[in-house]
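Data block below; observations after.
Bear in mind that the values in this text are calculations on the coordinates, not laboratory data. Being a predicted model, the structure only gives us computed values, none of them experimental. So basically every Cβ, Gly included, is an ideal-geometry build from the backbone, and we count neighbours across all protein chains shown.
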Amino acid sequence: MRATIQLCTYNRAHLLGRVLEACFEQTVRDYEVVLVDDGSKDATPLVIERAQATARVPFIVVSQANAGLAKARNSGLRRATGERIIFIDDDILPMPNFVAEHLRSHASAPDAIVRGAVINTESFDDLPPPIWTAANYSGNYFWTSNVSIARKRLDAVGGFFDESFSEYGWEDIELGLRLRFAGTRSVFNRFAVAFHYKPRPTSADLAQMLRQARAQARTAAQLQRLHPHWRVALATGDTPLQRGLARALRSLPRRSLERLVGDPEAPRRLGRLGFAAARTLAAAAYYEELERSSAQ
């Protein structure tokens with residue numbers, strides 16, 4: 001196989017069917033799709049069964065108990081046979097030329113990381129034009145929403161994600177750091193477009209946002225211990241300036257911010273002010289947990 005599209009899923013049955021259809025409808029044929037179901041408890045098995053009946057390319061499915069994204073990615077890598085591994089997530093909808101564009105970039109830069117374009121959307125049913133602009137810029141060196149790498153280059157830095165990252169966040173950045181430190185260059189292909197499902201949160205989502213922020217802070221501290229480097233400090237926001245701003249955020253009245261977000265028992269889509277308040281609360285939770293975790 002010239003390429004493997006590798007993705008993992010957990011309780012995203014409402015998105016997975018569309019994502020897999022898009023993976024199967026590529027303009028090239030010499031590729032496979034490897035999906036890891038990381039212990040989903042919703043209708044994901046039924047969605048996978050339907051996809052298996054309609055797949056027009058080799059479709060490998062790995063089902064396992066929930067173990068976190070790093071272990072799930074590695075389960076998929078163990079089954080992948082592609083010369084190039086293209087990573088996406090289960091909320092990413094690739095365009096039909098997606099694989100072809102990744103392969104085109106690898107043809108001119110065979111040992112490079114290829115970063116594709118990610119465009120945020122609130123709905124897969126009402127997509128914006130597939131034209132990347134700076135509004136969707138990401139400085140991530142290795143972001144598994146849309147990135148590819150030669151398997152042999154991946155093997156040169158250990159071949160797998162670090163499974164000590166069992167909570168949300170940073171496992172792809174850690175692998176990217178190993179690739180960067182090994183001298184791997186990175187190129188960007190704005191035509192390798194994928195849409196990222198990112199709906200505006202509601203007032204009921206605040207608790208999950210705070211849990212995720214705290215988990216991300218714990219894995220950020222873990223990343224810093226593994227790679228005590230200035231790039232990690234910048235990426236995780238652990239600089240004197242950013243910590244100072246975080247202290248200012250934490251001094252804001254929490255109850256007032258929660259009132260701006262709204263009642264979680266009566267969910268409503270967050271407006272601009274409510275969204276800003278929710279992000280402020282999440283940032284405060286992140287830095288509070290980062291400070292605690294870094295001190296351990």
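Quick notes on this one:
- Crossing angle, helix 69-79 versus the chain [Cα axis fit, 0-90 degrees, rounded to tens]: 0
- Centre separation in Å (Cα based) which lies between the range 75-133 and the range 222-273: 29
- Taking GLU101, GLU265, GLU167 and counting other C-beta atoms within 10 Å, the order from fewest to most: GLU265, GLU167, GLU101
- Residues in the range 182-198 carry Karplus couplings, in order, of 7, x, 6, 7, 10, 10, 10, 10, 6, 8, 7, 8, 9, 9, 9, 6, 9 Hz; the curve used is 6.51 cos²θ - 1.76 cosθ + 1.60 with θ = phi - 60°, and Gly or Pro positions show x.
- Computed extension length for VAL62-ARG268: 70.5 nm, one decimal, from 0.36 nm per residue of separation with the Cα-Cα distance subtracted.
- Candidates GLY274, GLN242, SER293 compared by Cα position along the dipole of the range 203-294: farthest toward the positive end lies GLN242, with charges placed on Cβ.
- For the range 1-52, GluC sites (Glu not before Pro) are listed when DSSP marks them as loop and at most 15 other Cβ atoms sit within 10 Å of their Cβ; the list is GLU25.
- Using the average count of surrounding beta-carbon atoms within 10 Å as a protection proxy, the listed peptides 5-11, 244-250 rank, highest first, as 5-11, 244-250.
- Calculated [222 nm] ellipticity per residue, helices only, for the chain: -13500 deg cm²/dmol; basis is -39500 (n - 2.57) per DSSP H run with n ≥ 4, divided by all residues, nearest 500.
- In loop segments of the range 54-141 as defined by DSSP, the trypsin sites (Lys or Arg not before Pro) with at most 14 further C-beta atoms inside 10 Å of their C-beta are ARG56.
- Fluctuation leader among ALA100, ALA182, ALA277 - the chain, Gaussian network, Cα springs under 10 angstrom: ALA182
- Where labels lie 7 Å past Cα in the beta-carbon direction, separation of ALA295 and ARG254 in nm: 1.6
- Neighbour counts of C-beta atoms inside 10 Å place PHE188, PHE59 in the sequence PHE188, PHE59, starting with the fewest.
- Amide H contacts of ALA192 (H built 1.01 Å from N, under 5 Å, at least 5 apart or other chain): ALA117
- Given (i) 0.97; (ii) 1.02; (iii) 1.15, the label whose value is Cα Rg over 2.2 N^0.38 Å derived from this model: (ii)
- Spin-label model distance (nm) - ARG211 vs THR121, 7 Å beyond Cα toward Cβ: 2.8
- Residues MET95, MET209, arranged from fewest to most other Cβ atoms within 10 angstrom of their Cβ, appear as MET209, MET95.
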